[in-house]
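First comes the structure, then the notes that go with it.
The values are calculated or read from the model by the stated rules, or taken from the named source; none is laboratory data. Everything numeric here is computed off the predicted structure, so don't read it as measured data. Here the Cβ is made from the backbone with ideal geometry for all residues, glycine too, and neighbour counts use every protein chain on show. When the accessible area is computed, the model is the full protein with side chains, heavy atoms only, and any ligands, DNA or RNA have been set aside. Shrake-Rupley method; radii C 1.70, N 1.55, O 1.52, S 1.80 Å.
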Amino acid sequence: MNGSGTGSGGGGEGTRAVRAGLPEPVKYEPTLPGPVFAAHFHLPGDPTGPYTYGRDENPTWTLLERAVGELEAPGQDGVETLAFASGMAAISSVLFSQLRAGDTVVLPSDGYQALPLVRAQLEAYGIEVRTAPTGNDAQLDVLDGARLLWLETPSNPGLDVCDVRRLAAAAHARGALVAVDNTLATPLGQRPLELGADFSVASGTKQLTGHGDVLLGYVVGRDAEAMSAVRRWRKIVGAIPGPMEAWLAHRSLATLQLRVDRQCATALAVAEALREQPEVSGLRHPGLPGDPSHAVASRQMRRYGCVVSFTLPTRARAERFLQALRLVDEATSFGGVRSTAERRGRWGGDAVPEGFIRLSVGAEDPEDLVADVLRAVRESAA
Ligand SMILES: *Cc1c(COP(=O)(O)O)cnc(C)c1O
């Protein structure tokens with residue numbers, strides 16, 4: 001153990017997850033101290049940190065940030081983690097703190113559905129935005145002259161995967177920084193900094209916290225100067241998590257490995273069952289041996305994620321499928337312990353067929369879930 005608490009000891013990922021970010025034991029104190037609700041802290045004399053004002057720092061964030069850092073970059077020195085109010089707050093903090101008018105950024109064309117909104121805002125500030133698909137490392141072709149390369153792998157909702165090592169090397173050779181949206185994989189599925197990225201950015205709203213009751217985001221980075229600009233952006237915009245959210249997130253990390261292992265294994269079982277259904281086309285899950293993403297995913301991911309996507313023949317068929325499900329809630333988002341699914345085309349933001357379904361696999365018994373999904377596919381035929 002080093003000075004940063006009991007969570008930084010060695011051991012496997014499950015061991016690390018249950019102890020991540022915990023302070024040294026203190027007699028009569030709880031294992032994980034409760035949320036600290038404070039807009040300001042006692043601060044006589046010269047205003048030096050660590051805790052001065054609640055928009056700058058909070059002890060509950062400190063523990064959570066330490067925990068996320070231990071999972072995203074175990075054993076790496078000089079890595080800094082910052083918690084945010086949401087995934088979008090974290091994403092925006094990197095893009096808007098690193099880019100200036102006249103810079104060029106490369107985004108995925110098939111990434112999270114709010115990226116087009118971000119794109120419009122970047123362009124309004126005089127930043128050139130180029131896009132290319134995640135699959136086949138197509139972002140390589142538009143890298144020249146870029147200041148920042150933004151990757152999202154696996155991409156949401158299409159589940160394409162790009163080769164982070166290859167893209168990061170190409171970007172660095174051109175002097176560009178690299179950020180990876182690690183939301184879908186979670187730090188137990190993929191560790192972008194080890195693959196060469198400068199930032200790992202994620203929504204903690206999804207599987208990281210896993211209960212569908214918290215919005216949260218984080219940025220992990222190794223470049224001190226870049227991270228101080230991200231920190232400054234958080235202070236300027238005030239996109240900070242509430243202490244309660246930060247504490248709930250930290251509490252949820254203790255079960256991260258259990259949840260991720262269970263959900264990923266069941267997702268593969270569901271994907272395998274759907275593969276046998278003649279009405280299902282475009283089935284995607286990076287863990288399926290025949291999936292176009294499987295080879296690259298196997299080189300850089302430790303777990304393949306809890307999302308399965310596929311297409312039913314028509315919009316009406318997809319809607320009947322969703323209605324017929326009993327164990328899967330029709331809802332957006334993903335990664336929770338309760339399975340959810342939605343017809344992604346209903347939002348209008350993703351380039352997907354009308355019958356495209358994104359299914360997020362929860363922690364139910366695998367046999368129950370596979371049976372429910374197959375029954376709903378059958379019943380939706382009527
Ligand atoms: C949900 C999501 C986000 C946005 O996160 P919020 O917490 O909803 O702001 C960003 N990227 C990906 C890949 C997501 O799935």
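Using only Cα atoms, tell me the angle between helix 256-275 and the longest principal axis of the chain; keep it within 0 to 90° and round to the nearest 10.
That works out to roughly 20 degrees.
Taking just the alpha-carbon atoms of segment 1-146, what radius of gyration and Dmax come out, in angstrom?
According to the Cα coordinates of segment 1-146, Rg and Dmax are 20.0, 58 Å.
Less than 15 Å Cβ to Cβ from Glu225, Lys/Arg counted +1 and Asp/Glu -1: what total charge do the surrounding residues give? Write down the numbers at each step before the final one.
On the way: positive: Arg100, Arg147, Arg222, Arg231, Arg232; negative: Glu80, Asp198, Asp223.
Within the 15 Å Cβ shell, the charges total +2.
Just the ratio, please: alpha-carbon radius of gyration of the chain over 2.2 N^0.38 Å, N its number of residues. It would help to have the intermediate numbers written out before the result.
Values: Rg = 20.9 Å, N = 382, 2.2 N^0.38 = 21.1 Å.
Relative to the rule-of-thumb radius for its length, the chain sits at 0.99.
Quick check: the angle from helix 164-173's long axis to the longest principal axis of the chain, C-alpha only, nearest 10 degrees?
50 degrees
What whole number of Å gives the distance from the Cα centroid of segment 275-335 to the Cα centroid of segment 111-175?
For segment 111-175 versus segment 275-335, the Cα centre distance is 24 Å.
Can you pull out the GluC sites (Glu not before Pro) in segment 235-344 that DSSP calls coil and that have at most 10 other Cβ atoms within 10 Å? Don't jump to the answer; show the numbers that get you there.
Numbers: sites: Glu245, Glu272, Glu276, Glu279, Glu319, Glu330, Glu342; in loops: Glu276, Glu279.
Hits after loop and neighbour filter: Glu276.
I want to verify the translational diffusion coefficient of segment 318-364 in µm²/s; compute it with Stokes-Einstein, Rh as the Kirkwood radius over Cα pairs, at 10 °C and 1.306 mPa s. Please list the in-between numbers first.
Details: Rh = 10.8 Å.
Translational D for this selection: 146 µm²/s.
Need the full-extension length gain, Asp365 to Glu272, defined as separation in residues times 0.36 nm minus the C-alpha distance. One decimal, nm.
Working it through step by step, the gained length comes to 31.9 nm.
Give me the percent relative contact order of segment 258-380, please, defined on Cα pairs under 8 angstrom at least 6 residues apart.
28 percent
Taking only DSSP H segments of four or more residues, each worth -39500 (n - 2.57), what value at 222 nm results for the chain once the sum is divided by all its residues, to the nearest 500 deg cm²/dmol? Please report the intermediate quantities before stating the final value.
Working: 11 runs with 129 residues, N = 382.
Rounded to the nearest 500, the figure is -10500 deg cm²/dmol.
Could you do me a favour and compute the accessible area per residue for the chain, 1.4 Å probe, result in Å²?
On a per-residue basis, 41 Å².
So, with a 1.4 angstrom probe, what is the percent of accessible area on segment 6-253 that is carbon and sulfur?
54 percent
Where does segment 78-196 land on Rg/Rh, using Cα atoms and the Kirkwood Rh?
So for segment 78-196, dividing Rg by the Kirkwood Rh gives 0.92.
What's the center-to-center distance, using Cα atoms, between segment 178-201 and segment 34-80 in Å?
Segment 178-201 and segment 34-80 have Cα centres separated by 22 Å.
Percent relative contact order of segment 6-253, based on C-alpha pairs within less than 8 angstrom and at least six residues apart?
For segment 6-253, the relative contact order is 23 percent.
Counting only protein heavy atoms and using a 1.4 Å probe, what share of the accessible area of segment 258-380 belongs to carbon plus sulfur, as a whole percent?
Ligands and nucleic acids excluded, carbon and sulfur give 52 percent.
Identify the chymotrypsin sites (Phe, Trp or Tyr not before Pro) of segment 326-382 meeting these criteria: DSSP loop state and at most 13 other C-beta atoms within 10 Å of the C-beta.
Within segment 326-382, no chymotrypsin sites (Phe, Trp or Tyr not before Pro) qualify (loop, at most 13 other Cβ atoms within 10 Å).
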